[in-house]
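Q: The structure under discussion is supplied below as structure tokens; questions concerning it will follow.
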Amino acid sequence: PVPAPGAGGADALSPSQESRAKLSVCSKLCYAVGGAPYQTTGCALGFFLQIYLLDVAQLDPFHASIILFVGRAWDALTDPMVGFFISKTSWTRFGRLMPWIIFSTPFAVISYFLVWFVPDISSGQVLWYLVFYCLFQTLVTCFHVPYSALTMFISSEQSERDSATAYRMTVEVLGTVLGTAIQGQIVGKADTPCIQSPVFLGETNSSVAMEEVNMTHDTGSLTDTKNAYMIAAGVIGGLYILCAVILSLGVREKREASELQSDEPVSFFRGLKLVMNHGAYIKLIAGFLFTSLAFMLLEGNFALFCTYTLGFRNEFQNILLAIMLSATLTIPLWQWFLTRFGKKTAVYVGISSAIPFLIVVVVLDSNLVVTYIVAVAAGISVAAAFLLPWSMLPDVIDDFKLQHPDSRGYEAIFFSFYVFFTKFASGVSLGISTLSLDFAGYQTRGCSQPSKVNFTLKMLVSAVPVGLILLGLLLFKLYPIDEEKRRKNKKALQDLR
């Protein structure tokens, strides 16, 4: 008989083995909480760092683009580096992955705070942000790569890992809500002053009433805004530490789950060659690379788009919050959908559903109610983009294990290079998008922007993401692991065990 859904193939396991394979709800929750720090800090940086560098630190767009590109590119490079060092790490009484998570946390929090600090120096600001942004990316990678690989070490049962991944994705999207809410609401309370730019009054053709966009906010001060960013960084840093403590105390890394038989370190480069020759892995990366880029471009430019093109200077943080709340609430819906209809179908339906809303938000005249409706609808697609890649990667690793049954300890390589490609490409895209704003004539702290800037922002949050999503879905048709293949792999793995 076919095993009941969620039964973890009970017909292939003895009762004692089945009992050991089951994860308690508490363990799943503690595991899931560990995903919040990366998403909370990443969301705050993704949505707010560009506008912070341009309008608060007052760097010119060229220097801001260098910081964003180099920071993301370095972040991408650190993933395989950390994956390499993890693969060479021996098991300890705390596990092989957990020590990385514990020891990186305090240093990551300090460097994160310094990213949001405006140094009182006449020169060297660019170097300041470059150093601390890259340092934070390195340290958060030392947390997130082992945490991602931990999926394969909490249980040997695919159904249990899928369930834990659903818990994790729910908490991670909740983490993005917290990042958006904490950063947005605290910073939003500070009324950042803007500079009147009458030169562009006749140049812009934005549908927003010019008297609203061009108000000079005399009541605010730049100092208040700087303080607000530091307060938000302190709150998010405290949350980071709390989540790391819960993860380290509540989750036990199970050596037997990965079926490692010795402490002998694996050959990283041999493992890398095997991983990169695995067709299913490359096709999964190719598909999600472009869809991830679409959402990253949207994330990086949405605050500027809301502030200048739509004219919602004092509402953008609430619009972002609406997107993330919608995403959080629909994660269980997508978990049910992929269980019922399969993961590939969920990819097509979930990610493509963002396209009409990305078009509507730039085609229609600026309207706050319509923007909120679009934000809630777009959040549904964001939830699918969050859940599906991390839900499908364990299937690829299982497929790899069947083809290379004697290979051990390559999980971190899979996860680190999976993140590497998306991060590096996002660094290039964000750098190019910020340079595009520079070429279009972006005015630092301007109350309004030239029409070329507004047109560029429309392209960056609509036309380009839509094109990337369509290309990603087209490539994803090549991905070979459908539901039938996944069930066969699961049965074969149970037979091996």
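Q: If you scan the stretch 124-151, which residues turn out to be of a type in the set (A, V, I, L, M) and surrounded by 24 or more Cβ atoms within 10 Å (Cβ to Cβ)? Write out each step before concluding.
A: Let us first name the residues in the stretch 124-151 that are of a type in the set (A, V, I, L, M), namely 126-127, 130-131, 135, 139-140, 145, 149-150.
Within the stretch 124-151, V140, V145, A149, L150 meet the criteria.
Q: Looking at (1) under 30 Å from V363 (Cα atoms); (2) of a type outside the set (A, V, I, L, M); (3) surrounded by 22 or more Cβ atoms within 10 Å (Cβ to Cβ), which is the one condition that is false for F455?
A: (3)
Q: For the condition open to solvent by less than 40 Å² (accessible area, probe 1.4 Å), of a type in the set (A, V, I, L, M, F, W, C), in the same structural domain as A463 (by the TED database) and closer than 30 Å to R486 by Cα, what is the one hit in I351, I323? Walk me through how you get there before you give the answer.
A: Working: I323 fails: closer than 30 Å to R486 by Cα.
After ruling out the rest, the residue left standing is I351.
Q: Separate question: Find the residue count for the stretch 298-335, including only residues that are part of a helix (DSSP H, G or I), of a type outside the set (V, I, T) and over 24 Å from S391 (Cα atoms).
A: Keep residues of the stretch 298-335 that are part of a helix (DSSP H, G or I), which gives 298-309, 316-335.
When the remaining residues are screened for being of a type outside the set (V, I, T), the result is 298-306, 308, 316-318, 320-322, 324-327, 329, 332-335.
Next, only the ones that are over 24 Å from S391 (Cα atoms) stay: 300-306, 308, 316-318, 320-322.
So the count comes out to 14.
Q: Can you pull out every residue in the stretch 75-123 that is at pLDDT below 90 and open to solvent by 60 Å² or more (accessible area, probe 1.4 Å)?
A: Once the filter is applied, which keeps residues that are at pLDDT below 90 and open to solvent by 60 Å² or more (accessible area, probe 1.4 Å), the stretch 75-123 yields L77, M81, F85, K88, T92, R93, F94, D120, I121, S122, S123.
Q: Which of the residues belonging to the stretch 19-34 are part of a loop (DSSP other than H, G, I, E, B) and at pLDDT 90 or above?
A: Residues of the stretch 19-34 part of a loop (DSSP other than H, G, I, E, B): 22-24, 34.
Scanning the stretch 19-34 gives a single hit, G34.
Q: Continuing with this model, one more query. Scan (1) at pLDDT below 85; (2) buried (at least 19 other Cβ atoms within 10 Å of the Cβ); (3) of a type outside the set (V, I, T) for the single condition N314 breaks and write down its number.
A: Single failed check for N314: (2).
Q: A further question follows. Surrounded by 22 or more Cβ atoms within 10 Å (Cβ to Cβ), at pLDDT 85 or above and within 29 Å of M152 (Cα to Cα): does that describe G342? Step through it out loud before you land on a result.
A: Numbers: surrounded by 22 or more Cβ atoms within 10 Å (Cβ to Cβ): no; at pLDDT 85 or above: yes; within 29 Å of M152 (Cα to Cα): yes.
Considered against the rule, which asks whether it is surrounded by 22 or more Cβ atoms within 10 Å (Cβ to Cβ), at pLDDT 85 or above and within 29 Å of M152 (Cα to Cα), G342 comes out as no.
The values are calculated or read from the model by the stated rules, or taken from the named source; none is laboratory data. Predicted model, so just to flag it, every value in this text is computed and none were measured. Virtual Cβ from ideal backbone geometry, glycine too; neighbours counted across all protein chains shown. Areas reflect the complete protein model, heavy atoms only, side chains present, ligands, DNA and RNA absent. Shrake-Rupley method; radii C 1.70, N 1.55, O 1.52, S 1.80 Å.
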